[in-house]
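Structure first, then comments.
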């Protein structure tokens with residue numbers, strides 16, 4: 001936002017400009033809600049929190065050299081009246097709403113194509129794939145992991161440079177109305193719903209409610225926009241719009257895989273034949289690549305050449321460790337759909353090496369009253385796909401009870417981190433996956449640091 005002055009920013013945010021020693025100077029490069037992250041070129045936004053109001057740290061942010069602060073009137077007034085204040089001070093009755101208005105104004109100023117990505121599973125990897133297929137052709141910015149909420153998404157928009165041509169925004173959902181809120185901020189031209197599944201059932205109650213919540217992205221599109229949805233997803237049918245282009249991806253539809261060869265895939269993309277070089281073999285990533293190709297076409301890009309995929313941390317990265325052990329770190333999050341995909345990937349990685357397959361699986365959270373059944377079904381699915389199953393957490397115990405093979409159980413990630421390294425043998429392939437709240441990164445760190453006896 002460096003091309004905007006303080007007056008322009010105040011107007012766009014609907015805020016009052018109280019003071020500033022550079023009212024006509026260049027604007028900030030980005031915004032933050034963490035005063036510890038405030039420095040030169042940064043707008044600090046002080047929001048109310050559970051324990052304290054961020055506005056209490058406005059003076060600290062300005063002292064650190066922040067371009068300015070945006071916070072509630074009382075905190076902004078206190079900052080503006082301090083004789084040591086240097087920087088812009090903006091006041092708004094609702095700082096979060098002001099941040100969101102500012103982000104929308106910047107998005108419209110950019111004139112970039114905006115692609116919104118949501119889904120029960122796979123939205124982060126699809127966002128990463130979008131960056132890989134579009135960035136060689138357009139100046140592209142993609143949101144960082146976790147910056148997919150009513151706070152994080154506007155921060156990512158505001159960090160986009162003025163020359164951005166395509167902006168890719170992941171959109172998270174914890175309940176009804178949240179995707180609609182994000183859509184109102186981001187104004188997407190293209191919306192991708194990667195998948196639907198039993199995620200957040202505890203909050204939403206049914207898979208139909210989940211579909212309706214995800215479909216808020218379709219409702220947010222302008223007339224003439226493009227919605228990209230998986231084939232054979234009847235729950236989305238009531239939410240499709242006649243004034244929006246609907247592109248399906250999967251088998252036998254507009255965007256589909258034709259050939260999977262060594263190091264490449266051939267894709268039929270609405271009648272256009274596209275060959276892409278890839279260095280990943282996971283079936284779910286290839287499927288998500290179809291959605292990414294469809295979105296690229298919707299913004300005028302025909303993907304070609306090598307797809308450079310840098311997966312966000314904890315999304316299936318493979319690491320070769322001493323003793324010939326291969327670690328698959330997929331511990332960022334989990335649900336029944338992604339658990340099955342990860343177990344399939346464990347089988348795929350281990351097969352050429354004839355390696356023993358070790359699955360460390362933690363609780364899948366927010367599944368509602370049927371949680372025990374969902375966990376038992378994963379235990380059954382893991383039978384034959386893992387040789388040793390280590391379950392972590394009270395819910396995951398049901399996986400072990402349904403698993404046909406050797407099992408171990410740990411109540412916590414810390415306990416599992418002590419247990420798992422001693423269970424591994426040279427040449428094992430070990431998958432670590434569970435919901436974020438289980439904190440299975442502790443197990444990944446322990447496995448990476450441990451020494452496997454030969």
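All of the numbers you see were taken from the coordinates with simple rules; none came from a lab. Quick caveat: nothing in here was measured; it's all calculated off a predicted structure. Cβ placement follows ideal geometry from the backbone for every residue including glycine, while neighbour counts extend to all protein chains displayed.
With each label point set 7 Å from Cα along the Cα-Cβ vector, what nm distance links residue 411 and residue 233?
In this crude spin-label approximation the distance works out to 4.0 nm.
Taking only the Cα atoms of the chain, how large is their convex hull per residue, in Å³?
Spread over its residues, the Cα hull of the chain gives 151 Å³ apiece.
Over region 6-93, what is the percentage of antiparallel beta bridges among all DSSP beta bridges, to the nearest 5?
30
Which percent, nearest 5, of DSSP beta bridges in the chain are antiparallel?
Looking only at bridges with both residues in the chain, the antiparallel portion is about 25 percent.
Among DSSP bridges having both ends in region 111-306, what percentage is antiparallel? Round to the nearest 5.
Within region 111-306, antiparallel bridges account for around 35 percent of the total.
Would you work out the relative contact order for the chain, in percent, from Cα pairs under 8 angstrom that are 6 or more residues apart?
Details: 1077 pairs, mean separation 49.1, N = 454.
Rounded, it is 11 percent for the chain.
Run the helix sum for the chain: -39,500 (n - 2.57) per DSSP H stretch of 4+ residues, divided by residue count, reported at 222 nm to the nearest 500 deg cm²/dmol.
That comes out to -9500 deg cm²/dmol.
Give the relative contact order (percent, whole number) for region 95-243; include only Cα pairs under 8 Å separated by 6+ residues.
28
Among 246-258, 97-109, 115-127, how do they line up by average Cβ neighbours within 10 Å per residue, starting with the highest?
Put in order of decreasing packing, that is 115-127, 97-109, 246-258.
Please work out the FRET efficiency for the pair residue 240 and residue 3, using the Cβ-Cβ distance as r and a Förster radius of 41 Å; give the result to the nearest 0.05. Each step should come with its number before you reach the end.
Details: r = 38 Å, r/R0 = 0.93.
That pair, residue 240 with residue 3, gives E of 0.60.
How would you classify region 250-376 from its alpha-carbon gyration tensor, with a ≥ b ≥ c the square roots of the eigenvalues: rounded for a/c under 1.5, else prolate if a/b is greater than b/c, otherwise oblate?
oblate
Explain nothing, just the number: relative contact order of region 355-406, from Cα pairs under 8 Å at least 6 residues apart, as a whole percent.
Relative CO of region 355-406 lands at 46 percent.
Extending each Cα 7 Å along its Cβ direction at residue 40 and residue 319, get the distance between those two points in nm, one decimal.
Each label point is offset 7 Å from its Cα along the Cβ direction, giving 3.4 nm.
Work out how much length residue 209 to residue 260 would gain on full extension: take 0.36 nm times their residue separation and subtract the Cα-Cα distance, in nm to one decimal.
Stretched fully, the residue 209-residue 260 segment lengthens by 14.8 nm.
Would you calculate the separation in nanometres between label points at residue 84 and residue 422, each defined as 7 Å from the Cα along the Cα-to-beta-carbon direction?
Inter-label distance under the simple model: 5.4 nm.
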